[in-house]
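Participant: My questions all concern the structure below.
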Amino acid sequence: MSASLDFLVPIFVPGNRPDRFEKAAAAGADAIIVDLEDAVAAEAKDEARAALRCGFSSLPILVRVNGVGTPWHEADMAALPGNGLAAVVVPKAEGGEGFAVLCEASPVPVVALIESARGLADARRIAAMRNVVRIAFGSIDFCADLGCAHSREALLAARNELVLASRLAGLVAPIDGVTTALNDAALISNDARHARDMGFGGKLCVHPRQIDAIRSGFAPDEAEIAWARKVLASGDGAAAVDGGMVDEPVRIRARAILKRAGAEESEI
């Protein structure tokens, strides 16, 4: 798996707004997803395809195409830039023949966007398909498909399954869906923290104002960093830290916390 696809905050930019490509790249995200699907009206699809390019940033550039079976899918795939594209994001990913054929033939890695009950049921098969390098959760579309609330309780099982599917296939941790709020930094950060605690490795972003809040939510806080340092200072074998048992699995978690924080074990 390319390290360039292990990103935390990918931001969407409408494919028919090339004037925004550089702005999105300068906003502080880790990757850019040029969107040909939801952000582009049917009458603007041709214009968006014609504007596709990758040279505007050194960040990973992905393209979200329209789904398999839509009137625009084949033209979208044919229009993908030949050089510099990190991956194609395929919405409404499900385990049927159409998606499998796409994965086999794709000239670039595939990020599978799970957005339906069928997609979730097929998630483990999808994660193991050729060229699939990461799973992302289209949580809003998923809720529309199921007719359920876009709430943590309603999505708990789905999120858990996507984390498991990714782990079983040896993929990097999946990307959580968007928070629709643009100006509530506390909510965005809290949603990101919830995703992090469930085992997700990133969160989709739809506006530059969300970027810092997502980063904050995924970053360990001071208490977590202090705990991790105490754990790693406890030596080898079984020990007690702050009244809790410590052994190697606990130390693995502590190392992961310090890695996310950018701290070195030598600092303890």
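The values are calculated or read from the model by the stated rules, or taken from the named source; none is laboratory data. Note that the structure is a prediction, hence the values are computed from the model and not measured. Heads up, the Cβs are rebuilt from the backbone with ideal geometry, glycines too, and the neighbour counts pull from every protein chain shown. Surface areas here come from the heavy atoms of the whole protein model, side chains and all, with no ligands, DNA or RNA. Shrake-Rupley method; radii C 1.70, N 1.55, O 1.52, S 1.80 Å.
Participant: Could we say that Asp242 is open to solvent by 40 Å² or more (accessible area, probe 1.4 Å), of a type in the set (Asp, Glu) and modelled with pLDDT of 95 or more here? Walk me through it before giving the result.
Facilitator: Numbers: open to solvent by 40 Å² or more (accessible area, probe 1.4 Å): yes; of a type in the set (Asp, Glu): yes; modelled with pLDDT of 95 or more: no.
No.
Participant: Which of (1) more than 30 Å from Ala112 (Cα to Cα); (2) in contact with a Lys or Arg (Cβ under 6 Å, 6 or more places away or on another chain) is the odd one out, the single condition Trp227 does not satisfy?
Facilitator: Condition (2) is where Trp227 drops out.
Participant: Follow-up question, since we're still on this one. Enumerate the strands (runs of 3 or more DSSP E) found wholly within region 50-135, keeping only those where 1 or more residues are open to solvent by less than 50 Å² (accessible area, probe 1.4 Å), farther than 30 Å from Ala149 by Cα and of a type outside the set (Val, Ile, Thr).
Facilitator: Numbers: elements: 61-64, 85-90, 110-114.
In region 50-135, the matching strands (runs of 3 or more DSSP E) lie at 85-90.
Participant: Please tell me if Ala44 is part of a loop (DSSP other than H, G, I, E, B) and surrounded by fewer than 21 Cβ atoms within 10 Å (Cβ to Cβ).
Facilitator: Details: part of a loop (DSSP other than H, G, I, E, B): no; surrounded by fewer than 21 Cβ atoms within 10 Å (Cβ to Cβ): yes.
It is false that Ala44 is part of a loop (DSSP other than H, G, I, E, B) and surrounded by fewer than 21 Cβ atoms within 10 Å (Cβ to Cβ).
Participant: Please work out which residue is surrounded by the most Cβ atoms within 10 Å (Cβ to Cβ), limiting yourself to region 136-147 and to residues that are hydrophobic (A, V, I, L, M, F, W, C) and farther than 14 Å from Ala87 by Cβ.
Facilitator: Filtering region 136-147 for residues hydrophobic (A, V, I, L, M, F, W, C) gives 136-137, 140, 142-144, 146.
Then drop every residue that is not farther than 14 Å from Ala87 by Cβ, which leaves 137, 140, 142-144, 146.
Values: Phe137: 28, Ile140: 16, Phe142: 23, Cys143: 18, Ala144: 13, Leu146: 14.
That would be Phe137.
Participant: Checking Gly235 against (1) among the small types (Gly, Ala, Ser); (2) over 23 Å from Ala25 (Cβ atoms); (3) open to solvent by less than 30 Å² (accessible area, probe 1.4 Å), which single condition isn't satisfied?
Facilitator: Evaluating Gly235 over (1) among the small types (Gly, Ala, Ser); (2) over 23 Å from Ala25 (Cβ atoms); (3) open to solvent by less than 30 Å² (accessible area, probe 1.4 Å) leaves (3) as the failure.
Participant: Kindly provide the set of residues from region 172-191 that are in contact with a Leu (Cβ under 9 Å, 6 or more places away or on another chain), aliphatic (A, V, I, L, M) and either assigned to a helix (DSSP H, G or I) or closer than 21 Å to Leu62 by Cα (or both), ordered by number. Please lay out each step first, then the result.
Facilitator: Narrowing region 172-191 to residues in contact with a Leu (Cβ under 9 Å, 6 or more places away or on another chain): 172, 174-179, 181, 188.
Of the ones still in play, those that are also aliphatic (A, V, I, L, M) are 172, 175, 178, 181, 188.
Scanning region 172-191 gives Val172, Ile175, Val178, Ile188.
Participant: Does Arg152 fit the bill of being under 26 Å from Val89 (Cα atoms), open to solvent by 40 Å² or more (accessible area, probe 1.4 Å) and touching a residue at least 40 places away in the same chain (Cβ under 8 Å)?
Facilitator: Working: under 26 Å from Val89 (Cα atoms): yes; open to solvent by 40 Å² or more (accessible area, probe 1.4 Å): yes; touching a residue at least 40 places away in the same chain (Cβ under 8 Å): yes.
Judged against the criteria, Arg152 is a match.
Participant: If you don't mind, there's one more thing I want to ask. Among the listed residues Glu43, Glu37, which satisfies the condition of being in contact (Cβ under 8 Å) with a residue 40 or more places away in the chain and either among the charged types (D, E, K, R) or more than 26 Å from Ile214 (Cα to Cα) (or both)?
Facilitator: Details: Glu43 fails: in contact (Cβ under 8 Å) with a residue 40 or more places away in the chain.
Result of the check over Glu43, Glu37: Glu37.
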